[in-house]
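Down below is the structure, laid out as structure tokens.
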Amino acid sequence: MDVSIKLREFTKKILLNDIVNMAHLGPRAFDAIGGEIVQTTAFVIRPRQISRYRSEYIRLVDVVGENEKKDAFLSGNRKYTAPKEYFYQIPGIPIAYWITKKAVLAFGSYEKIKEILLPKQGTSTGNDEKFVRYWHEINASLFSNAMTSIEEAINSGYKYFPLDKGGEYRKWFGNNEKVIKMDRKSYDELLLLGNHLPSRQYYFREGLTWSKIASELSVRYDPQGFVFSSVGLKGFPDKRNIYAVLSYMNSKVCRYFTNIISPGLSIISGDIEKLPYSIIESNEIDQLTKENISLSKKEWDAYEVSWDFVRHPFLGVHIGSSRLEQIFIAWDDFIAELILKLKGNEEELNRIFIKIYGLQDELSPEVEEKDVTIRKADLGRDVRSFLSYAVGCMFGRYSLNFEGLAYAGGDWDDSKYTTFIPDKDNVIPITDEEYFEDDIVGLFCAFLKKSFGSDTLEENLDFIAKALGNKGNTSREVIRNYFLKDFFKDHCKVYQKRPIYWLYDSGKEDGFKALIYMHRYNEDTIGNLRIDYLHRMQRVYESEITRMQETIDNSNNAREVAAATKRKEKLIRQLKETKEYDEKIAHLALARIPIDLDDGLKVNYDKVQTGTDGKKLDVLAKI
């Protein structure tokens, strides 16, 4: 049974008696327990009822910390009184002691939103490991977001389709990261698994979606083409009312009502059905809502996690400059303008709905900046995302000559790459010193030249290095250190621990590191990496060790000898590490291990590290 249903049954039992008083502590009542999940209240009940008795409540839910809640309680400034008769006029009979008389009347004066919005709970597959993927894991040629029905989908030849899975607090548009396997074979299996594809007649229909598990309701527009899940719930208003319903559900009025009906962390379809709703048709509301969807989508699509990502914003901001510093300023201005416009639109919609429901005394239309769910420009994050895009171009995932994904499975097309040619071997080494012109720093410099020209190369490198934190003596050294130490960690974070660029890593001495692109992996990739890159790295170390020994033997400069001795010791450790690594890689190279993108990243990531004897060899960086 859903926790919220159990809570309602418990509430009904309590209200058979009188609540004398209650301290509503909310989350973080005890310093030893963090997060929003554990919420606490303490109360005294009288085992009888007194007519029109007004119980006393102290509301501490927005006070953080044990001592802070204690001080707020003793201050007596957060006191409410309410007759329990109010509670019986609210669907579900919640103990919403903070509710005003006007709000109580709203529940009785307006239709329920279920009269115009049909909320539905979607699929729970029973085996997400098999049927659900992040969209970037799959062969993109097998993905479609243009289907309009199950029949069309299972007969289309495509295998993967967008799946609503809830996600973080975000309004209007976004959180589109997951896909579900629903070709005919998978569809037949899913009919027998999990919750057997409930509400499937509504799959792929246009609608509104929200997260079941959330501290606040945030609703997003879903175009046609999506399946929805048991945690990414979905509602279906008629076409004429879809924008008015969306704007209402994202308004402060709806938040106020939702917090009354569903004060916990679970927002189920039954809660949504009970919201009061005034049926209105307004061109102004529709236009503001459409603009909000568009603004939110523009920001969502500016990042690689969107399947509608076209190119990095540093290459999409057209200001006639090849200086990254100026380009970032233009990007910052663009995002700030989006935020300001969205904030203004939301406040205007709040004014409209507050007036309709007569809640001027209870609510103000102002929107806090934290509630505008467009991410601000961030120099460090956005520069790191630019480096990620550059790596994508190095591997051919993206191209300076092609919008969106150039290659993520399927057939390779050389004609998509004319300005900047991807690495032909699908192996990009990351070295701690500048040993090769074609290592990742060399390729990145070549990418910058092709993108912005040679004249601004050094200035742009300096700008990037400064944004990365200047861990090094030169800009190239800073960028090299970032790729060596932090790039893969950032990549795993952005890609939800499902990296598409795999890091072959010999160990703590940084003897050998190289990236490959998962979608270009084949049975010869590990062998090529071993022969053409690992062995070449070993030869470099051997040569450098010899050179350092010559310096030690022939130099009369004590400082020079000390530096050469120190570097020789490091090179010896790195050479030793690469030889030990070579023994592991050799087994895997000889095995010529194939992968199937359909199996998902986790399966393939383990598979390419497992020898024919079943032993895991740990040649890839840990995720």
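When residues in segment 144-165 are screened for being under 19 Å from THR209 (Cβ atoms) and buried (at least 20 other Cβ atoms within 10 Å of the Cβ), 8 of them pass. Scanning segment 559-574 for residues that are in contact (Cβ under 8 Å) with a residue 60 or more places away in the chain and buried (at least 20 other Cβ atoms within 10 Å of the Cβ) yields a count of 1. Restricting ASP432, ASP455, ASP423 to residues that are in a loop (DSSP other than H, G, I, E, B), of a type in the set (D, E, K, R), under 29 Å from GLY600 (Cα atoms) and in contact (Cβ under 8 Å) with a residue 12 or more places away in the chain narrows the list to ASP423.
The set of residues in segment 345-368 being outside any loop (DSSP other than H, G, I, E, B) and surrounded by 13 or more Cβ atoms within 10 Å (Cβ to Cβ) consists of ASN345, GLU346, GLU347, GLU348, LEU349, ASN350, ARG351, ILE352, PHE353, ILE354, ILE356, TYR357. Restricting attention to segment 600-623 and to residues that are outside any loop (DSSP other than H, G, I, E, B) and of a type in the set (A, V, I, L, M, F, W, C), the residue that is farthest from the chain's Cα centre (by Cα) turns out to be LEU620. Going through (1) buried (at least 19 other Cβ atoms within 10 Å of the Cβ); (2) in contact with a Ser or Thr (Cβ under 6 Å, 6 or more places away or on another chain) one by one, SER475 falls short only on (2). Would you check which residues across segment 209-222 are part of a loop (DSSP other than H, G, I, E, B) and in contact with a strand residue (DSSP E or B) (Cβ under 9 Å, 6 or more places away or on another chain) and list them? If the condition is that a residue be part of a loop (DSSP other than H, G, I, E, B) and in contact with a strand residue (DSSP E or B) (Cβ under 9 Å, 6 or more places away or on another chain), then LYS212, ALA214, SER215, LEU217, SER218 are the ones that fit. Condition test on ASP599, is it out of contact with any helix residue (DSSP H, G or I) (no Cβ under 7 Å at 6 or more places or on another chain), within 19 Å of ILE516 (Cα to Cα) and not assigned by TED's automatic domain parsing to the domain that holds VAL427? Criteria not met by ASP599.
Could you say which residue among LEU15, LEU74 is more than 21 Å from PRO263 (Cα to Cα) and hydrophobic (A, V, I, L, M, F, W, C)? The unique qualifying residue is LEU74. When segment 473-491 is filtered for residues that are assigned to a loop (DSSP other than H, G, I, E, B) and over 30 Å from the mean Cα position of the chain (by Cα), the ones remaining, listed by number, are ASN473, THR474.
Among ASN522, ASN528, ASN470, which is among the polar types (S, T, N, Q) and in a helix (DSSP H, G or I)? Checking each option against the conditions leaves just ASN528.
The rows are residues; the columns are (1) surrounded by fewer than 20 Cβ atoms within 10 Å (Cβ to Cβ); (2) touching a Leu at 6+ places or on another chain (Cβ under 9 Å); (3) of a type in the set (Lys, Arg).
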| site | (1), (2), (3) |
| --- | --- |
| THR418 | yes, yes, no |
| GLU434 | yes, no, no |
| ASP439 | no, no, no |
| LEU448 | no, yes, no |
| SER451 | no, yes, no |
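The values are calculated or read from the model by the stated rules, or taken from the named source; none is laboratory data. Since the model is a prediction, treat every value here as computed from it, not as a measurement. Every residue, glycine among them, receives a Cβ derived from its backbone with ideal geometry; neighbour counts consider all protein chains shown.
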